[in-house]
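Since the structure comes first, as structure tokens, the remarks are kept for the end.
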Amino acid sequence: MFQRLLRKLFTKRVQHYFFKQRLLFQYPDMTIYTSQRNMLQLFNNLHLPGHFSIIDTNVNMTQRERMGTSATRILSTPNAGGSSIYSEALSIELLSRLLGVDLYKTETELEYYYPEECDNGGSGPLMDYACHYVTREREIILGVSVTRAMAFNRNYTRQDAIALLRKKLNNIIASSSSIVNTKFDRHILHVWTESGKNAALIKRECKKLKGHLNFKDTIVLISIVNTDLVFFNNNHHLLINKVK
């Protein structure tokens with residue numbers, strides 16, 4: 001009996017050690033840090049329906065990035081407005097390097113039906129892009145919404161995290177159900193953060209949503225990144241103010 005208990009404890013320790021192991025994806029222009037637990041959860045969510053998962057990554061830009069075909073396509077295609085085109089390009093670049101996904105449709109290539117009679121003037125939330133992940137058995141279409149957890153001239157708060165997640169996750173549901181030329185198998189909310197503190201706030205609030213039926217088949221990808229271009233592209237005056 002003692003030997004069985006010892007083996008059981010040893011197995012748990014081995015599992016704990018295994019899941020805590022850090023993974024490193026190293027490229028000349030960036031290094032991506034995550035864990036084996038994160039990658040297992042990510043693959044589990046992609047292959048099995050009905051899951052909500054939270055994935056942590058840390059992206060260290062070591063030099064000017066070498067964008068791949070998918071990211072270059074986003075950068076060279078007009079979007080539907082806003083100042084986040086670089087964050088969207090870097091998002092598909094990260095997913096491409098982690099999973100080998102390819103861009104399927106850009107923001108403006110996705111077509112929507114928002115009825116005029118729904119008091120929204122025939123418009124509504126948009127998905128930032130669609131990509132596809134190919135397995136031996138099938139092709140999985142992912143709808144990706146990219147956002148940034150940030151606050152100007154003050155600390156990012158728990159209330160900021162709650163408001164961001166509520167808005168973006170509900171927008172994913174609304175936009176996904178209104179797209180007429182693509183059907184998504186899974187959704188990804190990609191949240192860029194400037195610090196581990198902001199990432200922790202987002203993750204803490206995400207954990208409270210795991211049982212929410214509306215957000216099943218959703219992956220929240222939280223990425224800490226060390227480049228201001230994600231947060232201040234097309235807002236050069238803000239970047240100048242921050243540096244000062």
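Which ordering of Met67, Met127 is given by a fewest-first count of other beta-carbon atoms within 10 Å?
Sorted ascending by nearby Cβ count, the order is Met67, Met127.
Considering Cα pairs under 8 angstrom that are at least six residues apart, work out the relative contact order of segment 24-243 and quote it in whole percent.
Answer for segment 24-243 is 24 percent.
What is the distance, in nm, between label points placed 7 Å from the Cα along the Cα-to-Cβ direction at Ala174 and at Leu75?
Output for this residue pair reads 3.2 nm.
Among Ser123, Ser91, rank each residue by its count of other Cβ atoms within 10 Å, from fewest to most, as a rough exposure measure.
Ser123, Ser91
So for the pair Lys197, Asn44, with labels modelled 7 Å out along Cα→Cβ, what separation do we get in nm?
3.2
Output the pairs from Lys168/Lys210; Lys105/Lys208; Lys167/Lys216; Lys105/Lys207 with a Cα-Cα distance over 26 Å in this structure; if there are none, say none.
Values: Lys168/Lys210 15 Å; Lys105/Lys208 31 Å; Lys167/Lys216 16 Å; Lys105/Lys207 30 Å.
Too far apart for the 26 Å limit: Lys105/Lys208; Lys105/Lys207.
What area, in nm² and to one decimal, does the C-alpha convex hull of segment 24-243 cast on average over all directions?
Its Cα hull, projected and averaged over all orientations, spans 12.7 nm².
Read-outs: derived from the displayed coordinates by stated rules, not from any lab. The shown structure was predicted, so the numbers you read here are calculated from the model rather than taken from an experiment. Neighbour counts run over all protein chains shown; Cβ positions are idealised from the backbone, glycine included.
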